Amino acid sequence: MSQAVWIFDLDDTLHNASAHIFPVMNRAMTQYIQTHLQLEESAACALRQHYWRIYGATLKGLMRHHGINPQHFLSETHAFLTDDMVQTTRRLRQLLHDLPGRKCVFTNAPRQYAMRVLQVLGIADCFELVFSVESSRFHAKPSLRGFRMLLRALRCKAGDCIMFEDSLPALMTARRLGMRTVWITRRLHKPVYVNYRLPHVLALTHSPLKKGI
C-alpha cells in the first residue's frame, strides 16, 4: 500500500492569513498595479480582484495581459511580512508530526515568504517539500500544469494524495486529478468535488482522516 501524501495549502489553511496578512498584501498588490499600470486606486483594486477570480492568482493575470515580471511583483508585494503578523499555535506541530506518511506545502506564495511563515509557525522541518509559485514556474493554483509539476516533484500518484485547501477552484483541480480533497472552511455547504470539510486544520486531530488513505 502506498504512503499517504498530505498536501497543505499555506495561507488560510495552515494559518490564518486573513487576520493580519491578507489586508496588507492586498493593499500592496493594489499599490503595485496603480504604480505599474498607472491606474486609480479603485480601478487597480477591481483589476486585482478580477484576475484573482478568473485565474486564481492576481499575478497570472498581470503576467498574461500586462507583461509584469513575476519575480519583481512577488518581491515588492510580499516584503511587508513581520513575524508578529503570523498567528501561531503549538498544537499544529504535534498534529503534523503525528500524521502517517509524507507531507508537503503547495502554495501560490513566493518561496521566501512561505519559508518565513513556516519558520515562524515552527513547522518548516515538518515538510519534505515546499512547492511555491516559483516551483510551478508561475502556473499558480488552480492551474492543472502546476498540480502536475507538483506530482512529478513528489514522484507520487494523485490517488495517494490528500489535499487541504481553503480555495474551491484548487480543490476542483485536485479532485479532477484523483486526489482526496479537504476544504478548510466554516461554510456548511459542501460541493460534490470536496470529500471532507473541516472548520480549521486543527480539527484534523479528531478526524478519521488522520489515519491516512
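Observations on the model:
- Among the residues of the stretch 169-195, those identified as closer than 16 Å to LEU14 by Cα and free of Cβ contacts under 8 Å to residues at least 40 places away in the same chain are LEU171, THR181, VAL182, TRP183, THR185, ARG186.
- Extreme residue, modelled with the lowest pLDDT, among residues of the stretch 1-34 that are buried (at least 19 other Cβ atoms within 10 Å of the Cβ) and over 21 Å from PRO110 (Cα atoms): ALA4
- Residues in the stretch 35-60 that are surrounded by 12 or more Cβ atoms within 10 Å (Cβ to Cβ), not hydrophobic (A, V, I, L, M, F, W, C) and not in a helix (DSSP H, G or I): GLY56 alone.
- Candidate set: the stretch 91-136, residues that are in contact with a Gly (Cβ under 8 Å, 6 or more places away or on another chain) and over 17 Å from ASP12 (Cα atoms); chosen: the one surrounded by the fewest Cβ atoms within 10 Å (Cβ to Cβ): PRO100
- Qualifying position, being modelled with pLDDT under 95 and hydroxyl-bearing (Ser, Thr, Tyr), among THR173, THR89: THR89
- Filtered residue count, the stretch 196-205, keeping only those that are in contact with a Lys or Arg (Cβ under 9 Å, 6 or more places away or on another chain) and touching a residue at least 24 places away in the same chain (Cβ under 8 Å): 3
- Scanning the stretch 87-103 for any residue that is in a helix (DSSP H, G or I) and more than 22 Å from PHE164 (Cβ to Cβ) turns up nothing.
- Taken over the stretch 104-126, the criterion of being over 21 Å from GLY56 (Cβ atoms) and either among the small types (Gly, Ala, Ser) or in contact (Cβ under 8 Å) with a residue 40 or more places away in the chain (or both) is satisfied by LEU118, LEU121, GLY122, ILE123, ALA124.
- Residue within the stretch 74-92 that is of a type outside the set (D, E, K, R) and over 20 Å from the mean Cα position of the chain (by Cα) present: no
- Top-ranked residue in the stretch 134-159 [being among the charged types (D, E, K, R) and either touching a helix residue (DSSP H, G or I) at 6+ places or on another chain (Cβ under 9 Å) or modelled with pLDDT under 95 (or both); ranked as farthest from ALA203 (Cα to Cα)]: ARG137
- Reported count of residues in the stretch 190-211, each being under 20 Å from ALA174 (Cβ atoms) and at pLDDT 90 or above, is 14.
The values are calculated or read from the model by the stated rules, or taken from the named source; none is laboratory data. Please read all numbers here as calculations on a predicted model, not as lab measurements. Because the Cβ atoms are built from the backbone with ideal geometry, glycine has one as well, and the counts that use them run over all protein chains shown.
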